[in-house]
Amino acid sequence: MLDDEGEDLAAALGSARHVVILTGAGISTESGIPDFRGPNGVWTKDPGAEKTASLEHYLGDRDVRVRAWQTRLSSPMWQAEPNAGHRALVDLEALVAFDLLVTQNIDGLHLQAGTSPDKLVEIHGTVHEAECLDCGFRGPMHETLARVEAGEADPACLGCGGILKSATISFGQNLVEADLLRAQRAALASDVFLALGSSLGVYPAAALPEIAVRNGARLAVLNAQPTPFDGIAHWISRRPLGHVLPELVDRMGARVGNNRPLH
Ligand code: NAD
Ligand code: ZN
């Protein structure tokens, strides 16, 4: 994004009354968590992995579950820390009329950075909890991972014996209706919508920017690679979010400073 465009976006954010933000895996790559479809993405490198990400495979094949638990055990998510991009969004909360942050990420890094829990929708769930697909039990993920480490290759629900999974939305699994409705309502009411670090290819989350634009919002797409929604975006940046978001916050801060009455 050029300087002028950055200023223009900062000005638009400053006068917006309903700012809504959507984030994807791209905001967490700088924390060491690979995305799926970027150049170093998990699925870019191993296209077969996408197939086994479905609920059907997980339920139907014990081997898929055993592999999934081993993958969870060695996930970079347990060590990851929020980066400058996540932190900038926390700062932004105080600087703009911010309604909602909808994240497709399951890594919990927005919460860890300090985003207000009541302004956050983790629309694809969280890896920090395990969930029973039969009785709905939920508990801390580290407790189930400890059982895997102790030798249970496919740990069953301690309450009902059912199949456990991370509390995330797999392909073939419905989103939580209340979360989706809240995200859609916020997108409808937004006047500036930021889509950050998402290839905008996974529905229904990817429909949010379109809902926003159709109802009069201006859209910023800040993403390293082109997305299907670039054509309707008012601002586009391909630069790393860990740089571009703190810059935006600096510009916003300077604007607030400029508008302060002189004593
Ligand atoms: P995606 O992998 O489809 O797209 C990520 C996009 O971010 C890519 O287009 C890439 O070019 C861009 N990107 C990567 N690093 C960037 C950076 N530093 N600055 C700017 N742009 C950058 O991700 P998605 O759209 O979120 O969809 C993937 C799905 O997989 C999501 O639904 C999510 O649930 C899940 N996922 C989550 C995580 C996580 O929680 N961190 C990681 C991988 C996948
Ligand atoms: Zn159960």
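Separation of the range 107-153 and the range 19-72, taken as the distance between their Cα centroids, equals 15 angstrom. Once backbone amide H atoms are built at 1.01 Å from N, S237 has V221, L222, N223 as its partners under 5 Å, excluding neighbours fewer than 5 places away on the same chain. Only the Cβ atoms of Lys and Arg (+1) and of Asp and Glu (-1) were treated as charged; on that basis the dipole of the range 1-104 about its Cα centre amounts to roughly 760 debye. Over the chain, accessible surface divided per residue gives 49 Å², non-protein components excluded, 1.4 Å probe. Under 13 Å from a label point set 7 Å out along the Cα-to-Cβ vector of D118, no amide N atom of the range 178-197 is found. Spacing of the modelled spin labels on F137 and K45, each 7 Å from Cα toward Cβ, amounts to 3.4 nm. The angle separating the long axis of helix 84-95 from the principal Cα axis of greatest extent in the chain is about 50 degrees.
Seen against the Cα atoms of the chain and their longest principal axis, helix 62-73 is set at about 50 degrees. When a/c is below 1.5 the answer is rounded, else prolate if a/b is larger than b/c, else oblate, so apply that to the range 179-221 with a ≥ b ≥ c taken from the square roots of the Cα gyration tensor eigenvalues. Oblate shape, in that a/c is at least 1.5 and b/c is the bigger or equal ratio.
With unit charges on the beta carbons (Lys and Arg positive, Asp and Glu negative) and the dipole taken about the Cα centre of the chain, which residue among S75, G14, A195 sits farthest to the positive side? My answer, from the dipole projection, is G14. Residue by residue, the range 152-159 carries 3J(HN,Hα) couplings of 7, 5, 9, x, 9, 4, 6, x Hz when phi is fed to the Karplus relation 6.51 cos²θ - 1.76 cosθ + 1.60 (θ = phi - 60°); x denotes Gly or Pro. When a/c reaches 1.5 or more, the comparison of a/b and b/c decides; with that in mind, is the range 205-254 rounded, prolate or oblate per its Cα gyration tensor? The shape class here is oblate. Placing a label point 7 Å from the Cα of N174 along the Cα-to-Cβ line, no residue of the range 59-97 has its backbone N under 14 Å from it.
Rounded to whole numbers, the Karplus 3J(HN,Hα) couplings from phi for the range 26-42 are x, 7, 9, 4, 6, 9, x, 9, x, 7, 9, 10, x, x, 9, x, 4 Hz, using 6.51 cos²θ - 1.76 cosθ + 1.60 with θ = phi - 60°, and x at Gly and Pro.
Which FRET efficiency value, to the nearest 0.05, is calculated for E7 and L181 with the Förster distance at 35 angstrom and r the Cβ-Cβ distance?
0.50
Roughly to the nearest percent, how much of the accessible area of the chain is carbon and sulfur, given a 1.4 Å probe?
On the way: 6700 of 12770 Å².
It is 52 percent, rounded to a whole number.
Computed from Cα positions, the angle between helix 241-259 and the longest principal axis of the chain comes to roughly 40 degrees. The amide H of T126, built 1.01 Å from its N in the peptide plane, has A167, T168 as neighbours under 5 Å, considering only residues 5 or more places off or on other chains. In the assembled protein chains, E152 presents an accessible area of approximately 80 Å² (probe radius 1.4 Å).
The values are calculated or read from the model by the stated rules, or taken from the named source; none is laboratory data. Source: prediction; values computed, not measured. Here Cβ is always computed from backbone atoms with ideal geometry, including for glycine, and neighbour counts include all displayed protein chains. Accessible surface is based on the protein model in full, side chains and every heavy atom, while ligands, DNA and RNA are left aside. Shrake-Rupley method; radii C 1.70, N 1.55, O 1.52, S 1.80 Å.
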